[in-house]
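Asker: Questions regarding the structure given below will be posed in turn.
The values are calculated or read from the model by the stated rules, or taken from the named source; none is laboratory data. All figures in this text were calculated on a predicted structure; none of them were measured in a lab. Please note: Cβ atoms are built from the backbone with ideal geometry, for glycine as well, and neighbour counts cover all protein chains shown. Ligands, DNA and RNA are excluded from the accessible area calculation, which covers all protein heavy atoms including side chains. Shrake-Rupley method; radii C 1.70, N 1.55, O 1.52, S 1.80 Å.
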Amino acid sequence: MFVFLAFMVMTSTCGCKKEPKLVDIYPPREYDFSSEDSFLMVSLFEDYLDRANERALEVAKTIDSLDRGNEPSTASMANKKNKIHVDSVMHACISLVKWHQYEAMLNLLEKEQKNIYQYPGNTVGNELPLVWMVSLLLEQRYADNKEYAYKREVAWYENVVLHMETLQALTGEECEQYEQALRELGDIYLMINWEKKYKEVIKKLEDMGHQNEEE
């Protein structure tokens, strides 16, 4: 519960540096996805809804217990509103995949990115598959300009890493896929020449290596 609240505060105040808004000047191109790819995308959204809804109910119960029979708090109302909204986004994405409207789905996900990360049932386990799918869509959409695609991916990976680091700081335990996510973020920084941020990632990885050696 406290992990969710801490992460929500951090994303709402935007711990990530705001980069200049990207302008999409590239013409649409056809996506090349098989029926199996589409099935996997639908399964991803359905799994997200199943797993996230279970977690969201736990968060809602905790918030309600804190209200102790009083009028619903601002947190409780915001929690319920966000859940209903993000659920509708995920259902819309399922429909768009079935209609092969991948461009519309990608635009919807990017528009709703902040709401998705503040979803009360959001977990690291839900986030990573979603980020990988968004990366796949972006790199196919902008196959002729991968650097632009990578710049669009950055915020997704930064939020995943931020979520993991928040979780680790509060629990004292390392997230199983933290190193992988951090390395993938570092690779993106390197490919778009964000040298300062790349060095920060390398420093974190080196610190992790030293810590593992001590253990």
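Asker: Going residue by residue through the stretch 163-178, is there one that turns out to be closer than 30 Å to Gln101 by Cβ and small (Gly, Ala, Ser)?
Answerer: no
Asker: Could you tell me which residue of the stretch 71-93 is modelled with the highest pLDDT, considering only residues that are in a helix (DSSP H, G or I) and among the small types (Gly, Ala, Ser)? Write out each step before concluding.
Answerer: To start, the set of residues in the stretch 71-93 that are in a helix (DSSP H, G or I) comprises 74-93.
Now narrow it down to the ones that are among the small types (Gly, Ala, Ser): 75-76, 78, 88, 92.
Numbers: Ala75: 63, Ser76: 66, Ala78: 73, Ser88: 93, Ala92: 97.
Across the stretch 71-93, the extreme among qualifying residues is Ala92.
Asker: From Lys204, Lys146, grab the single residue that is of a type outside the set (A, V, I, L, M) and farther than 30 Å from Arg29 by Cα.
Answerer: On the way: Lys146 fails: farther than 30 Å from Arg29 by Cα.
Being of a type outside the set (A, V, I, L, M) and farther than 30 Å from Arg29 by Cα holds for just one of Lys204, Lys146, which is Lys204.
Matching residues to (1) among the basic types (Lys, Arg); (2) modelled with pLDDT under 90; (3) in contact with a helix residue (DSSP H, G or I) (Cβ under 6 Å, 6 or more places away or on another chain):
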residue	(1), (2), (3)
Asp47	no, yes, no
Glu58	no, yes, no
Arg68	yes, yes, no
Glu153	no, no, yes
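Asker: If only one of Asn122, Asn159, Asn115, Asn126 is assigned to a loop (DSSP other than H, G, I, E, B) and either of a type in the set (Phe, Trp, Tyr) or closer than 21 Å to Arg51 by Cα (or both), which one is it?
Answerer: Only one candidate passes the filter, namely Asn122.
Asker: Considering only the stretch 94-107, I want to know if a residue exists there that is assigned to a loop (DSSP other than H, G, I, E, B), more than 20 Å from the chain's Cα centre (by Cα), more than 24 Å from Met164 (Cβ to Cβ) and modelled with pLDDT under 85.
Answerer: No: the stretch 94-107 contains no residue that is assigned to a loop (DSSP other than H, G, I, E, B), more than 20 Å from the chain's Cα centre (by Cα), more than 24 Å from Met164 (Cβ to Cβ) and modelled with pLDDT under 85.
Asker: Condition first: in a helix (DSSP H, G or I) and modelled with pLDDT of 50 or more. Now tell me which residues in the stretch 7-45 satisfy that.
Answerer: Ser35, Glu36, Asp37, Ser38, Phe39, Leu40, Met41, Val42, Ser43, Leu44, Phe45
Asker: Would a scan of the stretch 184-203 turn up a residue that is open to solvent by 70 Å² or more (accessible area, probe 1.4 Å), at pLDDT 95 or above and of a type in the set (A, V, I, L, M, F, W, C)?
Answerer: Within the stretch 184-203, one or more residues are open to solvent by 70 Å² or more (accessible area, probe 1.4 Å), at pLDDT 95 or above and of a type in the set (A, V, I, L, M, F, W, C).
Asker: Name every residue in the stretch 131-147 that is in contact (Cβ under 8 Å) with a residue 60 or more places away in the chain and in contact with a Leu (Cβ under 7 Å, 6 or more places away or on another chain), in order of residue number.
Answerer: Met133, Leu137, Arg141, listed by residue number.
Asker: Test each condition in (1) in contact (Cβ under 8 Å) with a residue 24 or more places away in the chain; (2) open to solvent by 10 Å² or more (accessible area, probe 1.4 Å); (3) touching a helix residue (DSSP H, G or I) at 6+ places or on another chain (Cβ under 6 Å) for His100 and report the one that comes out false.
Answerer: So the condition that His100 fails would be (3).
Asker: Find the residue count for the stretch 120-144, including only residues that are open to solvent by 30 Å² or more (accessible area, probe 1.4 Å), within 23 Å of His100 (Cβ to Cβ) and either of a type outside the set (S, T, N, Q) or modelled with pLDDT under 90 (or both).
Answerer: Going through the stretch 120-144 one residue at a time, the tally reaches 6.
Asker: With the checklist (1) farther than 17 Å from Thr123 by Cα; (2) in contact with a Phe, Trp or Tyr (Cβ under 9 Å, 6 or more places away or on another chain) in hand, flag the one item Met164 doesn't pass.
Answerer: Among (1) farther than 17 Å from Thr123 by Cα; (2) in contact with a Phe, Trp or Tyr (Cβ under 9 Å, 6 or more places away or on another chain), the lone unmet condition for Met164 is (1).
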